[in-house]
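Step one of this worksheet: look at the structure below.
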Amino acid sequence: MLWLTRRQWVMQLQILGWMFLTTVIALRYGLLEQQNFYSNDQRYYADIVNEILDTGLTLDLDWWLTTARIPYVLPSTIFAAIGIEPLLALKFVSLLALLATTSLTQRVVRTTSTGDVVITSYLSATALIGVFFASLGLRETTMMLFVLWFFTRPTTVVKLGALLGLGLLRPHLAAAVLIGSLAGLALHKLRRDSTATPLTNFAYLTAALGIGYYVYSSGLQFQSGMGGVFGHTWGVSPVLRIASNFVGLQFLTVRESTVAFSTTSLLLLRLLLSETVIIPLLFTTAVILTRRYSLLMQSVTWSFGIYIGIATNTDFNSFRQNIPFMPVMGLVVLLAWKEHRESRSEIQTTPLTARRET
């Protein structure tokens, strides 16, 4: 991979960081216990890989749709079949997804300088946080790539493929992305020439959260037949929990029983992986203060709001749950910033007489 990316220095740094972290984790915890480092979900995925290697693929439809996490596990199984240790194969697929995400974000932003590359990497969650999750046998970087494909690729086939992949990896994320993008598209067409205000922007975000709240109940009724069931009935605590997702501080508002680390440890982790706070904070600021929504901003805002409305009905609400949205949230910020700089540059270069005529 270092040879294949020899002209992409940022990807080479990612690969070297991945090599370092995977080695340190294996040496520190051992080849078996490393499966429980950070999340024992790694053990679950490694067991599925071993199961496929031992018995082959099953024809059980439920296994394909809900158990196997096929878009992430199957490529890993292919690498494991040629001799790579199963957990390392999972981590290698995570690395490939990170490199693909990095390549796409750099192309979308059209970076031209070293500074632009660094800023884009940081704000698209492909720097420290991306390398960290690529060094784990988890599906997060794969979902990052699928969400990015869905929102940035123009072809319907790619969008449908990304949506299918998300549906197999995290169904409620796929639902939020689909419903949010449709809502964003409809509103963008209806209000194409209108000027946004902080009040209307906040109202849209609140509406998205409300939709997510009811999508959770509808999904639960579809799965189990239980109608009218919600994870909370609003109030100060749920509202604070929802708000914490927009500043990356979810651990301050969830039940202590769901948090494995101390508050001090989690704050230190936020300092190390500061993107988890900076990206949602800048995204929220851009969304609230913007005067004119782009289609990308509109769609990502509605999708993320709906997703938070769903996730905060459950016990599984953390910055890790929001990782798939980080690259597109960063893109919204980067493209808005780039548009602002270009508009200011045009104003400054316009002759004074032309400004007066205007």
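The values are calculated or read from the model by the stated rules, or taken from the named source; none is laboratory data. Here the structure is a predicted model, which is why all the values come from computation and not from measurement. Because the Cβ atoms are built from the backbone with ideal geometry, glycine has one as well, and the counts that use them run over all protein chains shown.
For every residue, the table says whether it meets (1) out of contact with any strand residue (DSSP E or B) (no Cβ under 6 Å at 6 or more places or on another chain); (2) free of Cβ contacts under 8 Å to residues at least 40 places away in the same chain; (3) in the same structural domain as Leu148 (by TED's automatic domain parsing); (4) surrounded by fewer than 17 Cβ atoms within 10 Å (Cβ to Cβ).
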residue	(1), (2), (3), (4)
Val10	yes, no, yes, no
Gly17	yes, no, yes, no
Thr23	yes, yes, yes, yes
Leu57	yes, yes, yes, yes
Pro75	yes, yes, yes, no
Phe79	yes, yes, yes, no
Leu88	yes, no, yes, no
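Looking at Tyr29 and the list (1) under 17 Å from Leu96 (Cα atoms); (2) over 25 Å from the mean Cα position of the chain (by Cα), which single condition is not satisfied? Going through (1) under 17 Å from Leu96 (Cα atoms); (2) over 25 Å from the mean Cα position of the chain (by Cα) one by one, Tyr29 breaks only (1). Applying the set (1) farther than 17 Å from Phe132 by Cβ; (2) out of contact with any helix residue (DSSP H, G or I) (no Cβ under 8 Å at 6 or more places or on another chain); (3) buried (at least 16 other Cβ atoms within 10 Å of the Cβ) to Leu4 leaves exactly one unmet item: (3). Name the pairs whose Cβ atoms lie under 7 Å apart, with the first residue in the stretch 120-136 and within 14 Å of Met329 (Cα to Cα), the second in a helix (DSSP H, G or I) and charged (D, E, K, R), and 6 or more positions between them or separate chains? Taking only residues 6 or more apart or on different chains, the pairs are Tyr122/Glu275; Ala125/Glu275. Whether any residue in the stretch 214-234 is modelled with pLDDT of 85 or more, buried (at least 19 other Cβ atoms within 10 Å of the Cβ) and not in a loop (DSSP other than H, G, I, E, B) is what I want to check. Looking for residues that are modelled with pLDDT of 85 or more, buried (at least 19 other Cβ atoms within 10 Å of the Cβ) and not in a loop (DSSP other than H, G, I, E, B), one finds at least one in the stretch 214-234, hence yes. Of the residues making up the stretch 104-112, one or more are in the same structural domain as Tyr38 (by TED's automatic domain parsing), modelled with pLDDT of 95 or more, more than 15 Å from Leu273 (Cα to Cα) and of a type outside the set (Asp, Glu). Of the residues making up the stretch 33-51, those that are touching a residue at least 24 places away in the same chain (Cβ under 8 Å), within 21 Å of Leu166 (Cα to Cα) and of a type outside the set (S, T, N, Q) are Asp41, Tyr45, Ala46, Ile48, Val49. The one condition from (1) part of a helix (DSSP H, G or I); (2) of a type outside the set (D, E, K, R); (3) buried (at least 18 other Cβ atoms within 10 Å of the Cβ) that Gly161 does not meet is (3).
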